[in-house]
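Asks: Can you keep this structure in mind? I'll have questions shortly.
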Amino acid sequence: MAKKDYYEVLGVQKNAGEEDLKRAYRKLAKQYHPDENAGNAEAEAKFKEVGEAYAILSDKDKRAAYNQYGHQAFDGSMGGQGFGPMNFDFNDIFSSVFGDFFGMGGMGGGRRPQGPMQGPDVQVSIQITFEEAVFGTEKELSLAIADTCGTCGGTGAKPGTYPESCKHCGGTGQERVLQQTIMGRITTVRPCSVCRGEGKIIRDPCPTCGGRGKVKANKKLQVTIPKGIDNGQSIRLAGKGEPGERGGPNGDLRIAVFFKPHSKFRRDGMTLRAEMNISVTQAALGGALTIPTLYGDEQYQLKAGTQPETIITLKGKGVPNVRNPKSVGDFEVKLKVQIPTQLTARQTELLKELAQASGENIQPTPQETKKPWYSGGKKKK
Ligand SMILES: [Zn+2]
Ligand SMILES: [Zn+2]
């Protein structure tokens, strides 16, 4: 039977580039792969055919020879000039294009060797107040967390019995499977089909945990929330997560801490900020000012002639550093000067006097004779 043209086999043009070849090969090789066409001899032949075509055309020298001499270049009929008979390793060709697509040596994603394994981490979150985050607090958490079963001590076997080592895999939890394929023999490692990768078989499961070795139990836990913790930060309690497998250590417990904003104080890392109203006369004359802080009231001596938006910094009245609580941030108070809107007759009189003493003109603006532009015309309907 005459050999088909390699370009026809792959269904590409004579001038097809590297990517075109690869794309064409990928599509066809998948289509005719023995795994997809068990026992189909025609597909097997096709798979070989596209593999061979790709092997030749993806090699620059071989492709040039093929373009010049056709199949003769490879059938040995040209003596020393040709390439001679070729042996193709379709496995190599296939995996060079697909990578480890079919997972040679690891089909089915085998498990890691059955050693001790750390238990899973447990993540919870708690809500605290703004003040608790600044000053730290103690909280009692109630968590439904898996714990080693008290009945069987974590073995999963009924008391008085023991798990048996799996004879099928010799306790390794893995089995090797030798597969004969068109691409050669492939050894794959997969979890043992008898013990499901555990390496052990429990004949009589523990009645409490059903053989899992763990039970979910409500646990009460005392947690210290450190001073200065910020929104969304987590506390990690090593070893307070779920129990490990096969003697592995417990996982960790992570507690994410959240708090709502405060109505008066804003927090920016270690700095607390707030605004405070003072009167015009306080600003002008100065005097004793009581500033409410998160730590209680502070007495402050306001300077005469304090300007609006002045920021007073109270050292050490902010947020402690969560890692070093001796270092405490500052509290910054921005002063808002309030202009009075409602005055008694007496207050008005005094303010007028003040104005006169300052040489200010506080007479009302003379009445305008023209009407303002916006009330001049009549509205059209
Ligand atoms: Zn148990
Ligand atoms: Zn086994």
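Asks: Using alpha carbon coordinates only, what is the Rg to Rh ratio of region 122-259, with Rh defined as the Kirkwood radius? Display every interim value, and only then the final one.
Replies: Numbers: Rg = 21.9 Å, Rh = 18.2 Å.
That ratio equals 1.21.
Asks: Turning to a different aspect of this structure: Filter the cross-link list LYS303/LYS326; LYS264/LYS315; LYS158/LYS219 down to pairs whose alpha-carbon distance in this structure exceeds 27 Å. Display every interim value, and only then the final one.
Replies: Values: LYS303/LYS326 31 Å; LYS264/LYS315 18 Å; LYS158/LYS219 24 Å.
In this structure, LYS303/LYS326 lie more than 27 Å apart at Cα.
Asks: Can you tell me the dipole magnitude for the chain around its Cα centre, using point charges on the Cβ only (Lys, Arg +1; Asp, Glu -1), in Debye to the nearest 20?
Replies: On the way: 54 positive and 42 negative charges, 274 e Å.
I would put it at about 1320 debye.
Asks: A further question follows. Loop only by DSSP, 14 or fewer other Cβ within 10 Å of the Cβ. Give me the trypsin sites (Lys or Arg not before Pro) in region 172-274 that pass, ordered by residue number. Walk me through the numbers before you get to the answer.
Replies: Details: sites: ARG176, ARG185, ARG196, LYS200, ARG203, ARG212, LYS214, LYS216, LYS219, LYS220, LYS227, ARG236, LYS240, ARG246, ARG254, LYS264, ARG266, ARG267, ARG273; in loops: ARG196, ARG203, ARG212, LYS227, LYS240, ARG246, LYS264.
Within region 172-274, the qualifying trypsin sites (Lys or Arg not before Pro) (loop, at most 14 other Cβ atoms within 10 Å) are ARG196, ARG203, ARG246, LYS264.
Asks: With runs of 4+ DSSP H residues as the only contributors, calculate the mean residue ellipticity of the chain at 222 nm using -39,500 (n - 2.57) per run, divided by the residue total and rounded to the nearest 500.
Replies: -6500 deg cm²/dmol
Asks: Taking springs between alpha-carbon atoms closer than 10 angstrom, which of GLY359, GLY70, GLY247 fluctuates most in the Gaussian network model of the chain?
Replies: Of GLY359, GLY70, GLY247, the Gaussian network model singles out GLY359 as fluctuating most.
Asks: Still on this structure, please answer the following. In degrees from 0 to 90, rounded to the nearest 10, what is the angle of the helix 345-357 Cα long axis to the longest principal axis of the chain?
Replies: 90
Asks: I need to check one value: relative contact order of the chain, counting alpha carbon pairs closer than 8 Å and at least 6 residues apart, in percent.
Replies: 13
Asks: Tell me which GluC sites (Glu not before Pro) from region 1-69 have a DSSP coil assignment and no more than 14 other beta carbons within 10 Å of their own. Before the final figure, lay out each step's value.
Replies: Details: sites: GLU8, GLU18, GLU19, GLU36, GLU42, GLU44, GLU49, GLU52; in loops: GLU36.
In loop regions of region 1-69 (DSSP not H, G, I, E or B), the sparsely surrounded GluC sites (Glu not before Pro) are GLU36.
Asks: Find which of PRO320, PRO191, LEU351 sits farthest along the positive direction of the dipole of the chain, computed with +1 on the beta-carbon of Lys and Arg, -1 on that of Asp and Glu, about the Cα centre.
Replies: Most positive-ward Cα: LEU351.
Asks: So which GluC sites (Glu not before Pro) in region 229-329 are both in a DSSP loop and have at most 13 other Cβ atoms within 10 Å of their Cβ? Intermediate values should be presented prior to the final figure.
Replies: Details: sites: GLU245, GLU275, GLU298, GLU309; in loops: GLU309.
The qualifying sites are GLU309.
Asks: By DSSP, what percent of the beta bridges with both residues in the chain are antiparallel, rounded to the nearest 5?
Replies: Numbers: 43 of 58 bridges.
Once the DSSP bridges in the chain are tallied, antiparallel ones form about 75 percent.
Asks: If you count only protein heavy atoms with a 1.4 Å probe, what accessible area per residue comes out for the chain, rounded to a whole Å²? If you can, show how the numbers build up before the last one.
Replies: Numbers: 24640 Å² over 381 residues.
Averaged over the residues of the chain, the accessible area is 65 Å².
Asks: Then there's this: Of all alpha-carbon pairs in the chain, indicate the percentage at a distance above 30 angstrom.
Replies: Every Cα pair in the chain considered, those over 30 Å come to 72 percent.
The values are calculated or read from the model by the stated rules, or taken from the named source; none is laboratory data. The structure displayed is predicted, hence computed values, not measured ones. Here the Cβ is made from the backbone with ideal geometry for all residues, glycine too, and neighbour counts use every protein chain on show. What goes into the accessible areas is simple: the full protein's heavy atoms, side chains included, and nothing from ligands, DNA or RNA. Shrake-Rupley method; radii C 1.70, N 1.55, O 1.52, S 1.80 Å.
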